[in-house]
2 protein chains.
Amino acid sequence: MEQDFLQLLRDAGLHVTKTRRMLLDVLAHDHGPHTVEQLFIDLQGSLDRVTIYRSLASFEKLGFVRRCDFGDGTARFELAMTHHHHVMCRVCHRVESVHECVLDGFEDSIRKKGYTDITHTLEFFAICARCQ
Amino acid sequence: MEQDFLQLLRDAGLHVTKTRRMLLDVLAHDHGPHTVEQLFIDLQGSLDRVTIYRSLASFEKLGFVRRCDFGDGTARFELAMTHHHHVMCRVCHRVESVHECVLDGFEDSIRKKGYTDITHTLEFFAICARCQ
DNA sequence: GTTCGTGCAAATCATTTGCAGATAG
DNA sequence: CTATCTGCAAATGATTTGCACGAAC
């Protein structure tokens, strides 16, 4: 899988650097989503935060990284797997994935209003079992 | 309606000031959601941005203003009406409301994982008819 | 009068940009 | 060798905080 991503980079005329391999490694081994700060720490400060931002931006543009927004002022990033959503615990901020999605009917109703190219973001907030 | 909000302020031991009335007026007359910058402009710079932030924070705590996040780095605020979602045009950034919500089943499946106090944010992004 | 609200300046935090040297193809 | 990368420093933009004065109760 990581090989495919490296190929996508090459195809786009971008370089396959040690830095980008390290980043992809972390993303592939821990599904996340990760903040830039977490990635910085996971990589033990060996990459500049700026470099992390820039690499993630490239990965996102190539479509294999997705940015998630939980409204707390900090973006989170994960490898773009099958479409899914998240639940974040309001207490410990741990994030779990939710793979069901029943929003197709929703998008239909928006399409009827004349919109095209519809996408959505959906995040849940709750208190997890541990934190009750 | 605005009267109810003013009463909520009093009940919370907060003051009913000219400033807060002006803000509520704008919020009540234009459903929004509004950025702080838009509110600042609508009020012709007569309120400091800081004051707008602080008042909105109070209103949000009292529960009659809701913060929406479209992932563009700028919070938006609206009077908390019945539960609903939004579609934002990716081109003109105009926001329209979507009143259907079919997520109860979704929340059930999260409840089964042991979570409580579940809420969600759901925003749609699309290209509106005007912008095709 | 006491408490809360407001404006101004300054701080903070996430993120972006500019630039010169380092590295991949 | 040439284009892309990277780190560092500095800029940006949204939001928050500290403080002294002014307005509500």
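Scanning residues 5 or more positions from B:VAL91 or on other chains, those with amide H under 5 Å from its amide H are B:CYS128, with H placed 1.01 Å from N in the peptide plane. Note on B:LYS113: lysines with a C-alpha under 29 Å away, same-chain residues under 8 apart excluded, are B:LYS61.
The Rg/Rh ratio for the protein assembly as shown is 1.01, where Rg is the radius of gyration of the alpha carbons and Rh is the Kirkwood radius. In this simple spin-label model, placing a label point 7 Å from the Cα along the Cα-to-Cβ direction at both A:ASP25 and A:GLN3 gives a separation of 1.8 nm. Could you work out [θ]222 nm for chain A from helices alone, using -39500 (n - 2.57) per DSSP H run of at least four and dividing by all its residues? Round to the nearest 500 deg cm²/dmol. Mean residue ellipticity, 222 nm, calculated: -11500 deg cm²/dmol.
Inter-chain Cβ neighbour count for A:64-71, averaged per residue, equals 2 (cutoff 10 Å, partner chain atoms only). Can you work out the base-10 log of I(q)/I(0) for the range B:85-126 at q = 0.28 1/Å, using the Debye formula on its C-alpha atoms alone? Debye output, listed in q order: -0.92. Once the mean of 1/r is taken over each pair of separate Cα atoms and inverted, the range A:2-79 shows a Kirkwood hydrodynamic radius of 12.5 Å. When only Cα pairs below 8 angstrom with a gap of at least 6 residues are kept, chain B shows a relative contact order of 19 percent. Separation of the range A:35-81 from the range B:74-109 is 26 Å, based on Cα centroids.
Peptide A:119-130 has a mean of 6 when you count, residue by residue, the C-beta atoms of other protein chains within 10 Å of its C-beta. With axes computed from alpha carbons, what is the tilt in degrees of helix A:18-29 against the longest principal axis of chain A, rounded to the nearest 10 within 0 to 90? Between the helix axis and the principal axis of chain A, the angle is about 40 degrees. When chain B is treated as a Gaussian network with alpha carbon springs shorter than 10 Å, the biggest mean-square fluctuation among B:LYS112, B:LYS18, B:LYS61 belongs to B:LYS112. Using alpha carbons only, how many degrees (0 to 90, rounded to 10) separate the axis of helix B:2-11 from the longest principal axis of chain B? Helix B:2-11 sits at roughly 80 degrees to that axis. The angle between the Cα long axis of helix A:49-62 and the main principal axis of chain A comes to about 60°, on a 0 to 90 degree scale. Loop-located chymotrypsin sites (Phe, Trp or Tyr not before Pro) across the range B:17-74 with a Cβ neighbour count of 10 or fewer within 10 Å are lacking, with loop assigned by DSSP. Give me the log10 of I(q) over I(0) for chain B at q = 0.13, 0.15, 0.19 Å⁻¹, as the Debye formula computes it from C-alpha points; what are the numbers? Relative scattering, expressed as log10 I(q)/I(0), comes to -0.65, -0.83, -1.14. Excluding ligands, DNA and RNA and using a 1.4 Å probe, chains A and B jointly bury around 3000 Å² of accessible surface, summed across both partners.
The values are calculated or read from the model by the stated rules, or taken from the named source; none is laboratory data. Computed from a prediction, not measured in an experiment: that's the story for all the values here. Cβ atoms come from the backbone with ideal geometry, glycine included; neighbour counts cover every protein chain shown. Note: accessible area is taken over every heavy atom of the protein model, side chains too, but ligands, DNA and RNA are not part of it. Shrake-Rupley method; radii C 1.70, N 1.55, O 1.52, S 1.80 Å.
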